[in-house]
Amino acid sequence: MKIKFWGCRGSIPVPDSRMMKYGGNTTCVEVIFENRIFIIDAGTGIRKLGDSLIKRKVSNIDMFITHSHWDHILGFPFFKPIYSGNTLINIFGRTSSYKRLKDIFTSQMSYEYFPVSFSELKSKINFTELSRQQYDFDGHIIKIIQTNHPIFAMGIRIEKGDKSFVFITDNELGLENPRTSRGEFIAFCKNATYLIHDAQFTEEEYKTRQGWGHSTFMQAIMLADDSDIKNLGFFHHDPDRKDDELEEIEAKYKKLCESKRYRFNLFAVRELKSIVI
Ligand SMILES: [Zn+2]
Ligand SMILES: [Zn+2]
């Protein structure tokens, strides 16, 4: 499985020359299997991914939407494959607790917000509300967990054999009375090859941002250590975090992990970078 990050910025896209190294586009991740492509979230990173899929002649797409906050759906109207009659898109999400999955996409493309309405799209788009905690896609096991966020948001684990990719964005690990407990997250992440986790705040910033639905760098590290994962990627970078600051943070926590002899590799996710599992 190959994973490419088309957007890793949190909250809002940031076209800023001081943020080019880690990138300014919001959440969009492409997971490539032998014969199948999954997309996780339709943040602004999906625009470039769309161009790439057209070039690669990919017309059958499965898309998982972790939740409907702007930064995770904003790129959808600019995803060119939706305008092609040859494209089939299956969109999966869990929104029944607050809105129908389809409504999120149709209302985003209503005339008040966008010049093309959803009903004019040429592609075939199916919506599936996820109700179970585990699915099998061609032998790839997909597991879902509810994250701690102001609305229902889901974390995803994709595994095949002994390789696994866990993606948990928009999750607050520091809550006193969480919906999903620390123990449940540890079990969900256990032994993952890669854990990509929300790490938006420093410990200092978190003091005034509790309840916003995001974690600190250290909270992500502690989860990684408890879960015995092999690689941890910081994700959902704060829109105010410049490259030099993120470089410093990456170096500081790498050092800390070495001094504590944590057994995982640590990095901050960068836009357009890939990992192979
Ligand atoms: Zn977000
Ligand atoms: Zn969110």
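Rule-based calculations on the coordinates, nothing more; no lab input. What you see is a predicted model; the values in this text were computed from it and never measured. So basically every Cβ, Gly included, is an ideal-geometry build from the backbone, and we count neighbours across all protein chains shown.
Here are the numbers:
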read-out	value
Gaussian network model of the chain, Cα within-10 Å springs - most flexible of Gln200, Gln210, Gln219	Gln210
P(r) weight above 37 Å for the chain, C-alpha pairs, percent	9
Segment Ile141-Glu247, length gained on full extension (0.36 nm per residue, minus Cα span)	34.7 nm
Span from the segment 163-223 Cα centroid across to the segment 24-64 one, whole angstrom	25
Cα centre as origin, Lys/Arg/Asp/Glu Cβ charges: segment 61-125 dipole, Debye	180
GNM flexibility winner over the chain from Asn171, Asn86, Asn25 (Cα, springs under 10 Å)	Asn86
With eigenvalues of the C-alpha gyration tensor scaled by 5 and rooted, segment 83-218, Å	30, 22, 13
The chain: calculated mean residue ellipticity at 222 nm from DSSP helix runs of at least 4, using -39500 (n - 2.57)	-6500 deg cm²/dmol
Nonlocal amide H pairs with Thr26, under 5 Å, H built at 1.01 Å	Arg9, Thr44, Gly45
Centre separation in Å (Cα based) which lies between segment 69-85 and segment 228-265	30
Crossing angle, helix 217-227 versus the chain [Cα axis fit, 0-90 degrees, rounded to tens]	90
Highest-fluctuation residue, Ile12, Ile89, Ile221 considered, GNM on the chain with Cα pairs under 10 Å	Ile89
Within-11-Å neighbourhood charge of Asn86 [Cβ basis; K, R +1; D, E -1]	+3
Percent of beta bridges antiparallel (DSSP, segment 107-237, rounded to nearest 5)	60
Beta bridge orientation in the chain: antiparallel %, DSSP, nearest 5	45
Nearest 10 degrees, 0 to 90: helix 243-259 Cα axis against the chain principal axis	50
